[in-house]
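Step one of this worksheet: look at the structure below.
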Amino acid sequence: MKRINAPLDRETALSLKAGDRVLLSGYIYTSRDAGHKRMCEALQNGEELPIDLNDSVIYYVGPTPAKQGEVIGSAGPTTSGRMDAYAPTLMEKGLRGMIGKGERSLEVVKAMQKYGCVYFGAIGGAGALLSQCVKENTPIAYEDLGAEALCRLYVEDMPLTVVIDASGNNLYKTGRENYLNK
Amino acid sequence: MREIDVKLIKEKIENLCIEANLYLPSDITKALDLCYKNEDGALAKDILGDIIENYTLAESHKIPVCQDTGLACVFLEIGQDVHFVGGDLTDAVNDGVRAGYEKGYLRKSVVCDPVLRGNTGDNTPAMLYTEIVKGDKVKITVAPKGFGSENMSQIKMLKPSDGIDGIKNFVLKVIEEAGPNPCPPMVVGVGIGGTFDKCALLAKKALLRPIDTENQIPFYADLEKELLEKINKTGIGPQGFGGKTTAIGVNIETMPTHIAGMPCAVNISCHVTRHKFEVI
Ligand code: SF4
């Protein structure tokens, strides 16, 4: 398995291919529906974002509350399609990687090719396993959104699969075809 | 007449909410273990291996199996000789859910209005289903339902002339459209018959039945097997990355219907199909 780091530089992003299994370490951000809406509204109004999107990786997650002494609760990915409307705007501002589960729209894939962005799948429903990779969890903004607040995570060896690469290859299509052609 | 204090209902539901979210039922874990053995693609096997490690970790570290700890679906089968005392039954159910989701560090995923939104902050109200049955006991089932899979569910008012093929085609269409979104491997609940609403309820109830059991009518038991085989031939595979294991179970429930209809509902669930019951 390939080891990669976040923030994710453009060169590494472009070298990843759909179907690659990787272990991600470094700082990533959490955001989902309401957080994305706020970031895009802020950009529309010409306001500064609370985070630097350059080469950033965003994890679509709404974890369970952390118990005392723990960094985070169960923390698996949520369905990415709901962020499709916002993702291209964030890529334009430097977003380099997205972590979630499920299909993306054609617009998102086009934007990924244009800006050099990668879509990673974390295993949906593996919240307990993924929580073990999270070593730090710092709220950054939108704390009023509860489970949807924008946080910075430090992750170590987070197991991911490249689902859609920056050339537009899609494992959801090729994986199935490979299986059917067997 | 047997009197039951609703406080007992509250306590039981509180515990069931927590346990359902930490421990997967054994029919699900057994099926996952078996699929892991049978899967031959490297990536598919890897993914199933991680899924197995996940439920094992959840159990040993007492972390919710999945972060979507769901809407709390609560089913009460109430014996007709039971008389509840000590307060309001619905309040007791919601008190139980509130306490369980707080104490168990479970995620609060309920909004108070479908359009205007706004998190209720305590995962209430529960989705409460009551049924009056014979006897003086109460069966309480808690089934937290995540929405990644719930959102992929569909219902169709088929015509009687669509026949069995109409049903098969519809179920497979729903699976195709769901693809990777409901965190495959899935569990598929199918309801056939009744009215529009009863049919959907049948599909939901089908998800409560262990997947290592079959429909008591041989015709539908065969259909369960056939559909499972067909679903696993789609190649969607674990997480939609391709493979043999797209579903680990198909459960069908049926009931009588109108001469002019053949409703069919498909309630999709995931490898984190949770339910826990207790009889008091
Ligand atoms: S579909 Fe199931 S496994 Fe996936 S996030 Fe929802 S509850 Fe969890």
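The listed residues are A:90, A:95, A:130, and the only one of them that is under 14 Å from the mean Cα position of the chain (by Cα) and within 16 Å of the ligand (Cβ to nearest atom) turns out to be A:130. Identify the residue in the range B:16-65 that is among the polar types (S, T, N, Q) and in contact with a Lys or Arg (Cβ under 9 Å, 6 or more places away or on another chain) and, among all such residues, is farthest from the other protein chains (Cβ to nearest Cβ). Among those that are among the polar types (S, T, N, Q) and in contact with a Lys or Arg (Cβ under 9 Å, 6 or more places away or on another chain), it is B:38.
Tell me whether the range B:23-33 contains one or more residues that are more than 20 Å from the chain's Cα centre (by Cα) and not small (Gly, Ala, Ser). No, because not a single residue in the range B:23-33 is more than 20 Å from the chain's Cα centre (by Cα) and not small (Gly, Ala, Ser).
I need the strands (runs of 3 or more DSSP E) fully contained in the range A:100-182, keeping only those with at least 2 residues that are among the hydrophobic types (A, V, I, L, M, F, W, C) and either within 10 Å of another protein chain (Cβ to nearest Cβ) or buried (at least 20 other Cβ atoms within 10 Å of the Cβ) (or both).
Of the strands (runs of 3 or more DSSP E) lying wholly inside the range A:100-182, those with at least 2 residues that are among the hydrophobic types (A, V, I, L, M, F, W, C) and either within 10 Å of another protein chain (Cβ to nearest Cβ) or buried (at least 20 other Cβ atoms within 10 Å of the Cβ) (or both) span A:118-121, A:150-164.
When we screen B:244, B:173 for residues that are more than 16 Å from the ligand (Cβ to nearest atom), surrounded by 16 or more Cβ atoms within 10 Å (Cβ to Cβ) and not polar (S, T, N, Q), the only hit is B:244.
A search for C-beta distances below 7 Å between a residue of the range A:20-31 that is more than 11 Å from residue A:59 (Cα to Cα) and outside any strand (DSSP E or B) and any residue that is among the basic types (Lys, Arg) and open to solvent by 10 Å² or more (accessible area, probe 1.4 Å), counting only pairs 6+ apart in sequence or on different chains, returns A:20/A:2.
When residue A:94 is tested against the conditions (1) away from chain B (no Cβ under 14 Å); (2) assigned to a strand (DSSP E or B), the lone failure is (2). Is it the case, given these coordinates, that residue B:188 is within 17 Å of the chain's Cα centre (by Cα), farther than 30 Å from residue B:95 by Cα and in a strand (DSSP E or B)? So residue B:188 fits the description; yes.
Within the range B:146-164, residues that are within 14 Å of another protein chain (Cβ to nearest Cβ) reach partners that are open to solvent by 40 Å² or more (accessible area, probe 1.4 Å) and away from the ligand (no atom under 11 Å from the Cβ) with beta carbons closer than 8 Å, at six or more positions or on different chains, in the pairs B:152/B:177.
Of the residues making up the range B:88-118, those that are more than 14 Å from chain A (Cβ to nearest Cβ), loosely packed, with under 12 Cβ neighbours inside 10 Å and free of Cβ contacts under 8 Å to residues at least 40 places away in the same chain are B:113, B:114, B:115.
Every listed requirement among (1) touching a helix residue (DSSP H, G or I) at 6+ places or on another chain (Cβ under 6 Å); (2) hydrophobic (A, V, I, L, M, F, W, C); (3) crowded, with 21+ Cβ neighbours inside 10 Å is met by residue A:40 save one, (3). Output the residue which, of all residues in the range B:124-152 that are part of a loop (DSSP other than H, G, I, E, B) and within 11 Å of the ligand (Cβ to nearest atom), is surrounded by the fewest Cβ atoms within 10 Å (Cβ to Cβ). Per the stated criteria, the residue is B:151. Checking each residue in the range A:43-66 for being more than 14 Å from every other protein chain (Cβ to nearest Cβ), assigned to a loop (DSSP other than H, G, I, E, B) and either open to solvent by 10 Å² or more (accessible area, probe 1.4 Å) or of a type in the set (A, V, I, L, M) (or both) picks out A:45, A:46, A:47, A:48, A:49, A:50, A:51, A:52, A:53, A:54, A:55.
Of all residues in the range B:191-210, none are within 30 Å of residue A:101 (Cα to Cα), in contact with a Leu (Cβ under 9 Å, 6 or more places away or on another chain) and within 14 Å of chain A (Cβ to nearest Cβ).
None of A:85, A:75, A:13 is within 16 Å of the ligand (Cβ to nearest atom) and either touching a Cys at 6+ places or on another chain (Cβ under 8 Å) or in a loop (DSSP other than H, G, I, E, B) (or both) except A:75.
If you scan the range B:247-260, which residues turn out to be surrounded by fewer than 21 Cβ atoms within 10 Å (Cβ to Cβ) and either within 16 Å of the ligand (Cβ to nearest atom) or within 16 Å of residue B:190 (Cα to Cα) (or both)?
Restricting attention to the range B:247-260, the residues satisfying the condition of being surrounded by fewer than 21 Cβ atoms within 10 Å (Cβ to Cβ) are B:254-260.
Within the range B:247-260, B:254, B:255, B:256, B:257 qualify.
The values are calculated or read from the model by the stated rules, or taken from the named source; none is laboratory data. Model, not experiment: these values are computed from the prediction. Note: ideal-geometry Cβ built from the backbone for every residue, glycine included; neighbour counts use all protein chains shown. Keep in mind that these areas ignore ligands, DNA and RNA; they rest on the heavy atoms of the full protein, side chains included. Shrake-Rupley method; radii C 1.70, N 1.55, O 1.52, S 1.80 Å.
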